[in-house]
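Report on the following structure.
The values are calculated or read from the model by the stated rules, or taken from the named source; none is laboratory data. Not measured: the values here are computed from a predicted model. Here the Cβ positions follow ideal geometry from the backbone for every residue, glycine too, while neighbour counts run over all protein chains shown. Surface accessibility is based on the protein's heavy atoms, side chains included, excluding ligands, DNA and RNA. Shrake-Rupley method; radii C 1.70, N 1.55, O 1.52, S 1.80 Å.
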Amino acid sequence: THSREWVRNLLNTLSESMNVAKVEEAGIQLKEQIDHRPLGDEWSAVHKHFASWARAGAIEAVLKALQNHVRSSALAVTCVEVLAHLSRCSWSRYMVTTTGAQKIVKLGGITTVLNVMELNMSEGFFNSALLQEEGCRLLWNLAQAHLEYRTKIAKSDGVAKILEAMDLHIDHPGVQHRGCGALANLASNANRTKFIPLKTDEGGGVSPAATNSIQDRGAIPRILRALDHHPDHAGVQECACCALRNIAFWDQRTIRDLGGIERVEKAVALSSASALTKKAGQDLLDMLENIDTPGAKNSQPAGCLAGLF
């Protein structure tokens, strides 16, 4: 445990210093502290640990560091991973609850992170795949948190950035896993839930901006490709099936016409298929089976996996 002065100096270095080497070192130190979770990894204890750093100003400091040093891919990986962790926490003061996701969005974090992802997108950049993976993980968490955030991501061209990352790193399971998860939540109407639709005023509701962007940018072929390329990766299979299942609520024919039925049947039939893969995959197959049935009703799109911390 470090003193408050040590924490304040660390965060001040991140937010104020223009010496990239010092900021990169401060970023590493912060990540080490964030990763130093309480023994047992009980969510309540981990949540409290993350919230303590968020309340100390870590989110503001990390975003400032990213804005000041957009070309440092090493710093970007560290900072975006920290934001992905802190996006899942919440804390209360004077009976007002603030969430990490809320703070990140309010401070312009969506635009900042998407800009960093784009500037470091080239395969030649050091740690490019890790940065895209962590960026998609953060977008996954933010998209799950609220309808407003799904819309902001879509209007900031976030879907395009996710798909570019998936195109550049086809063989990287982490990028495909997190990319499909982010797309699944962008296509959902859920809020911090799994397969349970919520009312719009609870943060739920389908975002037209997100669904239109997913359709216009050609997300479905990328998701099907991820299924094909990573049959042995449970995370890819789960999130790809969830993404297709959510998208099928409003675009079943494209999935069918691109061979989605065969791909999903194969995913569900794998001996390694998880319960979530089987659930989402079967929901999708049931929807596609009734695609030409007049009057057939489909359930509303739901969320993907819980946010990643």
Worksheet item: Can you name the condition, by its number, that Leu147 falls short on among (1) within 16 Å of the chain's Cα centre (by Cα); (2) among the hydrophobic types (A, V, I, L, M, F, W, C); (3) modelled with pLDDT of 95 or more?
Response: (3)
Discussion item. Step by step: first the residues of region 69-103, then only those that are polar (S, T, N, Q) and either buried (at least 24 other Cβ atoms within 10 Å of the Cβ) or under 21 Å from His49 (Cβ atoms) (or both), then the one that is farthest from the chain's Cα centre (by Cα). Which residue is that?
Written reply: Ser92
Practice prompt. List every residue pair whose Cβ atoms sit under 7 Å apart, with the two residues 6 or more apart in sequence or on different chains, where the first one lies in region 77-88 and is within 14 Å of Glu60 (Cα to Cα) and touching a residue at least 24 places away in the same chain (Cβ under 8 Å) and the second, anywhere, is assigned to a helix (DSSP H, G or I) and open to solvent by 10 Å² or more (accessible area, probe 1.4 Å).
Written response: Val80/Glu134; Val82/Lys31; Ala84/Glu134; Ala84/Arg137; Leu86/Trp53
Worksheet item: Which one is modelled with the highest pLDDT among residues in region 65-99 that are among the charged types (D, E, K, R) and not in a helix (DSSP H, G or I)?
Response: Arg88
Fill in: One residue from Asp228, Asp232 being of a type outside the set (Gly, Ala, Ser), open to solvent by 20 Å² or more (accessible area, probe 1.4 Å) and in a helix (DSSP H, G or I)
Asp228
Response to the item:
Exactly one of Lys106, Lys155 is open to solvent by 10 Å² or more (accessible area, probe 1.4 Å), basic (Lys, Arg) and within 19 Å of Thr211 (Cα to Cα), and that residue is Lys155
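Restricting attention to region 255-293, and to residues there that are among the β-branched types (Val, Ile, Thr) and open to solvent by less than 50 Å² (accessible area, probe 1.4 Å), which single residue is farthest from Cys180 (Cα to Cα)?
Here the residue is Ile291.
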Discussion item. For the list (1) at pLDDT below 95; (2) open to solvent by 50 Å² or more (accessible area, probe 1.4 Å); (3) assigned to a helix (DSSP H, G or I), I need the number of the one condition that Pro197 fails.
Written reply: (3)
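Quick one: is Ile28 surrounded by 14 or more Cβ atoms within 10 Å (Cβ to Cβ) and not aromatic (Phe, Trp, Tyr)?
On the way: surrounded by 14 or more Cβ atoms within 10 Å (Cβ to Cβ): no; not aromatic (Phe, Trp, Tyr): yes.
No, not satisfied.
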Worksheet item: Out of all the residues in region 244-254, which are surrounded by fewer than 23 Cβ atoms within 10 Å (Cβ to Cβ) and assigned to a loop (DSSP other than H, G, I, E, B)?
Response: Phe249, Trp250, Asp251
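Among the residues of region 54-63, count how many are open to solvent by 10 Å² or more (accessible area, probe 1.4 Å), touching a residue at least 40 places away in the same chain (Cβ under 8 Å) and in a helix (DSSP H, G or I).
Residues flagged as open to solvent by 10 Å² or more (accessible area, probe 1.4 Å), touching a residue at least 40 places away in the same chain (Cβ under 8 Å) and in a helix (DSSP H, G or I) within region 54-63 amount to 2.
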Item to complete: Scan region 109-124 residue by residue and report those that are surrounded by fewer than 16 Cβ atoms within 10 Å (Cβ to Cβ) and part of a loop (DSSP other than H, G, I, E, B).
Response: Ser122, Glu123, Gly124
